[in-house]
Amino acid sequence: MSGPSEAKPARRRRHRSGGATEEGVLYPRWFWPSFTLPASLWLAILFVLPLYTVISIAFGTVDQIFRNPLPVYEPWWWSGEQFGKVLDDSFGLYRHVYVHTFEYVVIASALCLALAYTVAYYVARFGGRRKTLLLALLIAPFFISYLMRMLAWINLLDTDGYVNKMLTFLHVVPQPIDWLSGRPSTVVMGLIYGYIPYMVLPLYAFLDRIDSNVSLPMFGDYYTNNLLSQSPRTTMLGNLIDEAYGSTGQGPRAAVFVIILMTLLLIPMFYYLRSTARSLETR
């Protein structure tokens, strides 16, 4: 009989040839990493190659006849002319666009958090037998496209829509409010309505952890502003990308805006991953 101080034999042992044995079975060193090959190929085809195409367009040129973007895939032929122009405009002409984007996203994210936490806490703690029904109601907006939900908001916020009718009936305002005339509050309300389901469900599942990626899609959002605002005063960075992409000869400019937006989003993502890794190391 073995003493209490003797350790049990390890189930997984390192073999001299570099492989690993588990319960008497020898696996080559490449065996377990090979399971990541399909996902790596999928990521390379659907993410890395399109991203390289965007970069090639940003540092490429434009067809002189039809003004279509011509990507340059050889890095030694890349030109930074369009990139320099966009960066100059970013600190001058489009500075207010960046300010509006961060303002709207921060305000909408904070309000989404406050509203979503309240709903998620109630469902998790006091849902009881109705918890399944409440969860179904929370998931229901996902079955309706974002565009259709924004179009419904246009009818609600119109001068003769239900919102103005209710406000004037209750004598909150003396006359209907033109919500669709480029009001920042309208854009913020649209962002909250569009993205709050993405925060309610993670908060319900993990009340002690907040999904930090919820606010990231708001930075590239342009549907909300295009549909709920008729003024350039509320233009966001996603609108610049949409406008440049739909304009003749502005393909490289749109690609540069995409790279700038990705860079701005990667900074907080890397910070979050690094802080999470440090917290795991200290445990």
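Brief remarks on what is shown
- Sequence ranges 62-75, 174-187, 252-265, ranked by mean other-Cβ count within 10 angstrom, highest first: 252-265, 174-187, 62-75
- Summed over the residues of the stretch 65-168 and divided among them, the accessible surface reaches 68 Å² per residue at a probe radius of 1.4 Å.
- Close amide-amide hydrogen proximity is noted between residue 62 and 70, each under 5 Å apart and 5 or more residues distant or on a separate chain (H modeled in the peptide plane; Pro and chain starts excluded).
- Within the chain, the longest segment free of exposed loop sites, counting GluC sites (Glu not before Pro) that fall outside DSSP classes H, G, I, E and B and have at most 13 other Cβ atoms within 10 Å, spans 24-283.
- Apportionment of accessible area to carbon and sulfur, the stretch 118-248, percent (1.4 Å): 63
- Sites residue 270 and residue 31 - FRET efficiency at Förster radius 30 Å, r taken between beta-carbons, to 0.05: 0.45
- Equivalent ellipsoid of the chain: semi-axes from √(5λ) of the C-alpha gyration tensor, largest first, are 44, 34, 16 Å.
- Under 20 Å from the residue 144 label point (7 Å along Cα→beta-carbon), backbone N, the stretch 110-134: 112, 115-116, 119-120, 133-134
- Over the chain, dividing the summed -39,500 (n - 2.57) contributions of all DSSP H runs of at least 4 residues by the number of residues returns a 222 nm mean residue ellipticity of -17500 deg cm²/dmol.
The values are calculated or read from the model by the stated rules, or taken from the named source; none is laboratory data. Quick caveat: nothing in here was measured; it's all calculated off a predicted structure. All Cβ positions, glycine included, derive from the backbone under ideal geometry; neighbour counts span all protein chains shown. Surface accessibility is based on the protein's heavy atoms, side chains included, excluding ligands, DNA and RNA. Shrake-Rupley method; radii C 1.70, N 1.55, O 1.52, S 1.80 Å.
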